[in-house]
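Notes for the one structure printed next.
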Amino acid sequence: MRCSIAAAGSIIDRRPVVHGRPLAADGEAGSLVARRGRVMRSYLTHLECTACGATYPADRLATTCPACAKVLYARYDLAAAARQMTKAALASRPWNLWRYAEILPVRDPDAAPRLGEGGTPLLAVPALGRAFDLDRLMVKDEGRNPTGSFKARGLAMAVARAKELGARAVAIPSAGNAAAAMAAYAARAGLPAHVVMPADTPAAIRAECHALGARVMLVAGLINDAGKIVRENAAARGWFDVSTLKEPYRVEGKKTMGLELAEELGWRLPDAIVYPTGGGTGIVGMWKAFAELEAMGLIGPKRPKMIVVQAEGCAPIVRAYERGERQAPLWEDAATIAPGMRVPVAIGDYLILDAIRESGGTAVTVSDAELMEGVRLAAAGEGLFIAPEAGAAVIAARKLRASGFLERGDEVVIFVTGTGLKHTDLIDAAALVVEPGDTATIAALLDAAGPGTHVRSIDTSEHPA
Ligand SMILES: Cc1ncc(COP(=O)(O)O)c(C=O)c1O
Ligand SMILES: [Zn+2]
C-alpha cells in the first residue's frame with residue numbers, strides 16, 4: 001500500500017493502491033466481499049438510549065427510546081470489529097463508505113441500495129488559507145456524494161436498514177437535501193418515498209425529488225411543521241419515518257465522514273472541524289465515530305475542536321451554547337437563505353452541545369450576506385461551487401482565525417456539505433446577450449471588462465485575518 005501526500009492544492013489521496021493502481025472508487029465487482037475471501041459483516045449488537053441508557057434489540061424497526069423519547073444509538077462489538085477492520089484489511093477495500101462495514105448497521109451490505117456514497121476528497125485550499133491566515137486549511141467536499149450532499153451517507157444507511165427490517169415505505173420531513181437523498185435511495189431500494197418540505201425549498205431540489213419518483217408535499221412552514229405532518233400520518237399510512245435522529249441509522253451513515261477523515265489523515269484527527277449545523281447529525285455522527293475508532297485502537301485520544309456554524313436568523317444551538325445550556329429551545333421566526341440551516345429545533349440538541357463542549361469547540365453565527373461571500377470565495381478562489389451552508393462554514397473559519405480562536409498553524413477542516421449547483425437562484429448570473437455579428441458591442445463589452453478581469457482571485461486586503 002502506498003499513500004500520496006497532498007501537495008498544496010492537490011487532492012489528499014489516501015486511497016489504497018493495490019498492485020500499483022488505485023482501486024475503483026466504488027468497488028469493481030459491486031460486491032463487498034473483501035479480497036482474501038473474508039466476508040465483511042456488521043458487528044452491530046444492540047441499540048442504546050443516549051439519555052437514559054436503556055438498551056434494545058437492534059434487529060427490528062426502531063425509532064426513539066420507548067422509555068424517554070430521546071435518541072437511540074447503534075452499538076457494536078468493537079473488539080470483534082477491530083480484529084476484522086484493521087488498517088491492513090482496509091487497504092484492499094474500495095474507497096466508499098461501505099469499507100467500514102463492521103461498524104455500520106447494515107447486515108447485508110451487498111443487498112443495500114448503493115449509489116457510490118462516501119469516499120469524498122479531502123482537498124487542501126491554499127488560496128482560502130492564505131486569505132484567512134490559516135496555513136493548513138482543508139475542505140472535505142461532500143458535494144460529490146450522490147444527490148450532491150452529505151445527506152446521501154445517512155439516507156443510504158437509513159433506507160438500507162429500513163428495507164432490511166421490513167419497512168414498506170419511507171417518509172421524511174426535510175429542509176431539502178435529505179429529501180432528495182431519501183428519494184434516491186428509496187428508488188434504488190424499490191420503496192415508495194414520501195417527502196414533506198418547506199414550500200420555498202430550492203426549485204432544483206423539488207425537481208430532483210419529483211424526478212426521483214417521490215410523493216412530494218410542500219408545507220407553508222419549516223422543517224418542524226413538515227415533521228408534524230409526517231409524524232401524524234406515518235402510522236396510519238404505513239410509512240417508516242426517517243426524520244433526523246428519530247431512527248438510529250442516519251447518524252451511522254454520517255459517522256463515516258469522521259471515519260474517512262481519520263483514515264485520510266493517516267489515522268489521526270485535525271485540530272478543528274468546522275461544520276454547518278441544522279439538525280446536527282453531521283457533528284454528532286463524527287463525534288461518535290471518533291469514540292469508536294479510539295475504542296478499536298485505530299486513533300488516540302486527541303479530538304478536533306468541533307465547531308458548529310449556524311445562520312444569524314436561526315441559531316438555536318449557538319444560543320444554547322452561549323447560555324451554557326444543554327437544551328436548545330425552538331428558535332422563533334427562523335429565517336436564512338441556507339435551507340439546511342433553517343432548522344429551528346433539534347432533537348439531538350444535547351448531543352451536539354456535548355460534542356462542542358467536550359471537544360473544546362465553539363458555536364458561531366454568520367449572516368446571509370457573509371455566507372454568500374463564503375460561496376464566492378470558495379468558487380473564485382478554489383474552483384469549488386459550494387452550497388450556501390458550506391459558505392457559512394468558510395466564513396466561520398475566517399472569523400475564528402480573526403478572533404484568535406484558531407491559530408495560524410492549526411489543521412482545520414471545513415465540511416463542504418453540499419454542492420452549489422442546487423442553488424443557482426442565489427447567484428446573480430445576469431449578462432448581456434450580444435448578436436454574434438455585432439462586433440462593435442462585443443468590443444465595447446470586452447473593453448469595459450478590461451484585460452484579465454475574468455481571472456478573479458481572492459484579494460487578501462479585503463479580508464484581513
Ligand atoms: C448542505 C447542508 N449543509 C448542512 C446541513 C445541516 O446538517 P445537519 O442537519 O446534519 O446539521 C444540511 C441539512 O439539510 C444541508 O443540506
Ligand atoms: Zn431513553
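Laboratory data are not the source of any read-out in this text; all were calculated from the coordinates shown. Keep in mind it's a predicted model, so treat the numbers as computed, not measured. Note: ideal-geometry Cβ built from the backbone for every residue, glycine included; neighbour counts use all protein chains shown.
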Rounded to the nearest 10 degrees, what's the angle between the helix 223-237 long axis and the longest principal axis of the chain, both from Cα atoms, 0 to 90? 30 degrees
Scan the chain and hand back the longest stretch that contains none of the GluC sites (Glu not before Pro) lying in DSSP loops with at most 10 other Cβ atoms within 10 Å. 29-331
Bins of 10 Å from zero: percent of alpha-carbon pairs in the stretch 311-391: 19, 42, 30, 9
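When N counts the residues of the chain, how does its alpha-carbon radius of gyration compare numerically with 2.2 N^0.38 Å, as a ratio?
On the way: Rg = 22.0 Å, N = 465, 2.2 N^0.38 = 22.7 Å.
Output field value: 0.97.
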Evaluate the charge dipole of the chain about its Cα centre and quote only its size in Debye, nearest 20, assuming +1 on the Cβ of each Lys and Arg and -1 on the Cβ of each Asp and Glu. 1940 debye
Cross-link reach from Lys254 to aspartates and glutamates, straight Cα distance under 12 Å and at least 8 residues apart if same chain, gives Glu117, Glu142
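Rank by packing, highest mean first: peptides 106-112, 337-343, with packing defined as the count of other Cβ atoms within 10 Å averaged across residues.
Final packing ranking: 337-343, 106-112.
Which order do the peptides 182-188, 156-162 take when ranked by the mean count of other beta-carbon atoms within 10 Å per residue, highest first?
Taking the mean over residues of other Cβ atoms within 10 Å, the ranking is 156-162, 182-188.
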Over 23 Å (Cα to Cα) - which of Lys151/Lys288; Lys163/Lys255; Lys140/Lys302; Lys87/Lys163; Lys87/Lys246 fall in this group: Lys87/Lys163; Lys87/Lys246
Angle in degrees between helix 250-264 and the longest Cα principal axis of the chain, rounded to the nearest 10: 70 degrees
Can you pull the three principal axis extents for the Cα set of the stretch 101-165, in Å, largest first? 50, 24, 14
Which one of Ser403, Ala160, Asn177 is farthest out on the positive end of the charge dipole of the chain, using unit charges on Cβ (Lys, Arg +1; Asp, Glu -1) and the Cα centre as origin? Ala160
Acute angle (nearest 10 degrees) that the helix 177-189 long axis makes with the longest principal axis of the chain, alpha-carbon atoms: 50 degrees
